[in-house]
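Take a look at the structure below.
Please treat every number below as a calculation from the coordinates, not as lab data. It should be emphasised that the depicted structure is a prediction, and the values quoted were computed from it without experimental measurement. Ideal geometry is used to build each Cβ from the backbone, glycine not excepted, and the neighbour counts take in all protein chains shown.
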Amino acid sequence: MVSDGLIKPFVKCLAVLLFSFNVSSAPVSVSADVLSEYWGYQAFLDKFPEQKQLTDKLTRVVVQPAVPILSAQDKVIKISVIYPGEQVSDYWRRNLVAFEKRLNELNIKYKISQIFTRPNSDIGQQSQFLNQALNTHADYLVFTLDTGRHKKFIEHALYNSDTKLILQNITTPLVKWEDHQPFMYVGFDHTTGSQILADYFKVHFKPLVPYGVLYFSPGYISDVRGDTFIHALNQEKGFYLQSAFYTHADKESAYKATLKLVREHPDLDFIYTCSTDVALGAVEALKVLKRQDIVVNGWGGGSAELDAIRQGKLDVTVMRMNDDTGVAMAEAIKWDLEGKPVPTVYSGSFELVTSDSSERRIEQLKKQAFRYSDK
């Protein structure tokens, strides 16, 4: 959660089924209520010192070799995983590989049922699988929270099931669930990553700077990645948001949005994008327009983004130490089986990668980030 305000865009439907809002050349005014329903990651840890101690302990364990579980299991645990993994970004698939490999190293007996869907779609398929997980009394359900529909299901599960919920790709607990939080929130804090990118653009661009934003699809991720970035640049004089578009969180819609964005605002210095697929769609559009002078960032630093940086297609990304979150989930389950308290939140770390990063540096980061999922 970002304190004191994030922009709350006014949206309208476009013919290409995108959403946009336009602003004047003056700095955008921001409102304070977009993420007020969430605790910020650091704010939560500051509020609950006992949670900070647990999170710090897990952070240390994640980077250490696995220590097998001490207590005997009386049954094989059932884990259901539903991820929006049908996208170019390999975060979700790598996370699952790291999760399973760490569980194996911990000698935990488990059975996983998994399904990958498209981001913010396949709602019927998601609902069917989620209900199946609850009806079959899965011990752990790994899901995400991005839309209102997700939130409603999670609330139902929290109050009507013994299944323990691990919410992936979110590190900001809901305030209203304070007395009945999910088993765990785990991911890479979107606010932190977006602030790192904002700091990069502040250093590398000198006012006056017109820029555009391509959001993910409407929801939590767009709020914390997109609005955090806009808010950060609003604190600097000379950065002017010209226009912003929601996408369908895929390359095609980002491609169309970029064409419209650049044709309407040909003076853009850079386009801030909120995900891998969106970034790569923007890059393709700029190639068609012969406007590779416009800088584009990635978000996440997976294999596709690193390849694009090597090829000169992307200029910068914030790289997640990807496998840390899979390891953290496995270790949390181990602690739970041993009867130990588990932290409510965990966020992995980031590294900034740019077109100036050496091949040696990128390979070092890949070795650290993909230490399970590349084997």
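Once R0 is set to 35 Å, what does the formula 1/(1 + (r/R0)^6) return for the Cβ-Cβ distance between residue 252 and residue 375, expressed as a FRET efficiency to the nearest 0.05?
It comes out at approximately 0.60.
Setting aside same-chain residues fewer than 8 positions from residue 78, which lysines have a Cα under 22 Å from its Cα?
101, 109, 111, 164, 334, 340
Between helix 148-160 and the chain, what is the angle of the helix's C-alpha long axis to the longest principal axis, kept within 0 to 90° and rounded to the nearest 10?
Tilt relative to the chain: about 10 degrees.
Describe numerically, in nm with one decimal, the distance between label points set 7 Å from Cα along Cα→Cβ at residue 287 and at residue 135.
Rounded to a tenth, the inter-label distance reads 4.6 nm.
Quick check: convex hull over the Cα atoms of segment 131-235, volume per residue in Å³, rounded to an integer?
Normalising the Cα hull of segment 131-235 by residue number yields 104 Å³.
What are the ³J(HN,Hα) values, in whole Hz, obtained from phi via the Karplus relation 6.51 cos²θ - 1.76 cosθ + 1.60 with θ = phi - 60°, for each residue of segment 225-237 in sequence order, with x given for Gly and Pro?
Each residue of segment 225-237 in turn: 7, x, 5, 4, 4, 4, 4, 5, 6, 5, 7, 9, 6 Hz.
Quick check: Cα centre of segment 267-346 to Cα centre of segment 195-233, how many Å?
Here the two parts' Cα centres lie 14 Å apart.
Could you work out, for segment 191-320, what percent of all Cα-Cα pairs fall into each 10 Å distance bin, beginning at 0 Å and stopping at the bin that holds the largest distance?
14, 50, 34, 2
For the residue pair residue 178 and residue 367, what label-to-label distance in nm results when each label sits 7 Å from Cα along the Cα-to-beta-carbon direction?
4.6
Cross-link candidates for residue 57: which aspartates and glutamates have Cα within less than 15 Å, leaving aside residues fewer than 8 places away along the same chain?
Qualifying aspartates and glutamates at Cα under 15 Å: 324, 331, 336.
Restricting to the chain, what percent of DSSP beta bridges are antiparallel, rounded to 5?
Bridges in the chain are about 25 percent antiparallel.
What does the helix-only formula give at 222 nm for the chain: each DSSP H stretch with n ≥ 4 adding -39500 (n - 2.57), the total divided by the residues, and the result rounded to the nearest 500 deg cm²/dmol?
About -12000 deg cm²/dmol.
Within segment 169-244, which trypsin sites (Lys or Arg not before Pro) sit in a loop by DSSP and count at most 12 neighbouring Cβ atoms inside 10 Å?
Those satisfying the criteria are 237.
Mind pulling the angle between the C-alpha long axis of helix 251-264 and the longest principal axis of the chain? Nearest 10 degrees, somewhere in 0 to 90.
For helix 251-264, the angle is close to 30 degrees.
Tell me which residues come under 5 Å, amide H to amide H, from residue 240 once H is placed; ignore anything under 5 positions away on its chain.
209, 211
Output needed: percent of Cα pairs per 10 Å distance bin for the chain, bins running from 0 to the one holding the longest distance.
Pairs per bin, as whole percents: 5, 24, 33, 24, 10, 2, 0.
Any chance you could give the angle, 0 to 90 degrees and rounded to 10, that helix 190-204 forms with the longest Cα principal axis of the chain?
30
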